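What follows is a single structure, written as structure tokens, with notes after it.
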Amino acid sequence: MTIHSVLAIGCHPDDIELGCAGALLKHRASGQRTSMLVMTAGQRSRTFTGDTRLKEQQAAASILGAELFWGGFNDTEIDPGRATIDVIEHVMELVKPDVVYVHAPEDSHQDHRAIAVATVSAARRSSRILFYQTPSTTHFEPTIFIDAEENLERKIAALHPVSSATQAPSRT
Ligand SMILES: [Zn+2]
């Protein structure tokens, strides 16, 4: 299977970076188009302060070399129905992914469960959906492993894009 384009879908800022940043960096290094769809701005997060997380997500996308799309939903209010499926289908139309990464369906966060279900519907004609694990995943039996070691530093940088940027001058 030839891969030209991959799309990673996450509910909140950091989900994709935690779940599959190493894989995205590998796709990017192979010259494949990588895109991220982040469904909410993480408004309910303890660390949410205005547009900070929006900027951090944009910085993380730059570090990963990925194009960033926002779903525009409210944190904790994602449902697996038509509106969510429509947004995913719209972004899939734009980037035509050969592989779609999304949260594993068994998860303690309702947004994560809902997006897994909606993505399976939206990507029903897509060739491949791969689930990724995050700290709130409750059950996961992976069958595909992607070695992230060579990209580990950049994955960590993508998780802390602002502190990475502010620390950079002190290292020189
Ligand atoms: Zn999340």
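The values are calculated or read from the model by the stated rules, or taken from the named source; none is laboratory data. What you see is a predicted model, and the numbers here were worked out from it, not measured in a lab. We place every Cβ from the backbone using ideal geometry, glycine too, and count neighbours over all the protein chains shown.
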Next item on the list: Can you confirm whether segment 21-28 contains a residue that is within 16 Å of the ligand (Cβ to nearest atom), among the hydrophobic types (A, V, I, L, M, F, W, C) and crowded, with 17+ Cβ neighbours inside 10 Å?
Entry: yes
Note to self: Any residue at all in segment 55-70 that's within 15 Å of the chain's Cα centre (by Cα), within 16 Å of the ligand (Cβ to nearest atom), surrounded by 16 or more Cβ atoms within 10 Å (Cβ to Cβ) and more than 18 Å from residue 7 (Cα to Cα)?
What the structure shows: yes
Checklist line | Filter result (closer than 20 Å to residue 151 by Cα, crowded, with 24+ Cβ neighbours inside 10 Å and among the hydrophobic types (A, V, I, L, M, F, W, C)) within segment 1-20 | finding: 6, 7, 8, 9, 16, 20
Check: Can you name the residue in segment 29-54 that is polar (S, T, N, Q), more than 11 Å from the ligand (Cβ to nearest atom) and buried (at least 16 other Cβ atoms within 10 Å of the Cβ) and is also farthest from residue 78 (Cα to Cα) among such residues?
Finding: 32
Item checked: Identity of the residue in segment 32-90, part of a loop (DSSP other than H, G, I, E, B) and among the acidic types (Asp, Glu), that ends up modelled with the lowest pLDDT -> 51
Checklist line | Pick from segment 116-152, criterion part of a loop (DSSP other than H, G, I, E, B) and within 14 Å of the ligand (Cβ to nearest atom), ranking: farthest from residue 82 (Cα to Cα) | finding: 135
Next item on the list: Looking only at segment 1-22, count how many residues are among the hydroxyl-bearing types (Ser, Thr, Tyr) and either assigned to a helix (DSSP H, G or I) or out of contact with any helix residue (DSSP H, G or I) (no Cβ under 6 Å at 6 or more places or on another chain) (or both).
Entry: 1
Checklist line | Candidate set: segment 96-115, residues that are more than 16 Å from the ligand (Cβ to nearest atom) and buried (at least 20 other Cβ atoms within 10 Å of the Cβ); chosen: the one nearest to residue 43 (Cα to Cα) | finding: 100
